Amino acid sequence: MRIYILLFILLVALNNCNDDNVTIIKSEKELHNVQCMRLVIFPPNQFLETTMNKLYNFDGNCKYKLEVSQKSGIVCNSNYNADKKALSNFPSGFIRLDLYNGRKIIYSYYRDLTHKTTKKDLQKAFKNLEESIN
């Protein structure tokens, strides 16, 4: 599991500050066994919960846990990104979906956003997960 986390952090660092970049890490073998998912929103967010529940019939007793998180209003004060902040749409937030089998991450989706998280962002993220499962 640590290797997945380290790989995820490395990929995010290499892909930083690009709104069109989506980082997806998945375990093809384990994703084919997913028959149900339990939803966890962290930190709790009514918009995320309502939107995700419209996309899938989550089962609170399922061993597969889908953790959804988002952040907006992020301000980067680093001089390292000064050129990107001045010349492009610098990300001010992100959306992340992590699917766990027990404590092991078997799927991770991360996308930088230049806007507040929308239904369309969640739909796109969840569609990627569904395509990986099927």
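Bear in mind that the values in this text are calculations on the coordinates, not laboratory data. Not measured: the values here are computed from a predicted model.
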Give the lysines reachable from Lys26 as a straight Cα distance under 30 Å; neighbours fewer than 8 places away on the same chain don't count. Lys54, Lys63, Lys65, Lys71, Lys84, Lys104, Lys116, Lys119, Lys120, Lys124, Lys127
Mind listing the long-range amide H neighbours of Leu39? Cut-off is under 5 Å, sequence gap 5 or more, other chains count too, H placed in the peptide plane at 1.01 Å from N. Asp59, Leu66
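Can you give the extra length, in nm with one decimal, that the chain gains between Asn53 and Lys120 once fully stretched, where that is 0.36 nm per residue apart less the Cα-Cα distance?
Numbers: separation 67, 0.36 × 67 = 24.12 nm, distance 1.41 nm.
Length gained between Asn53 and Lys120: 22.7 nm.
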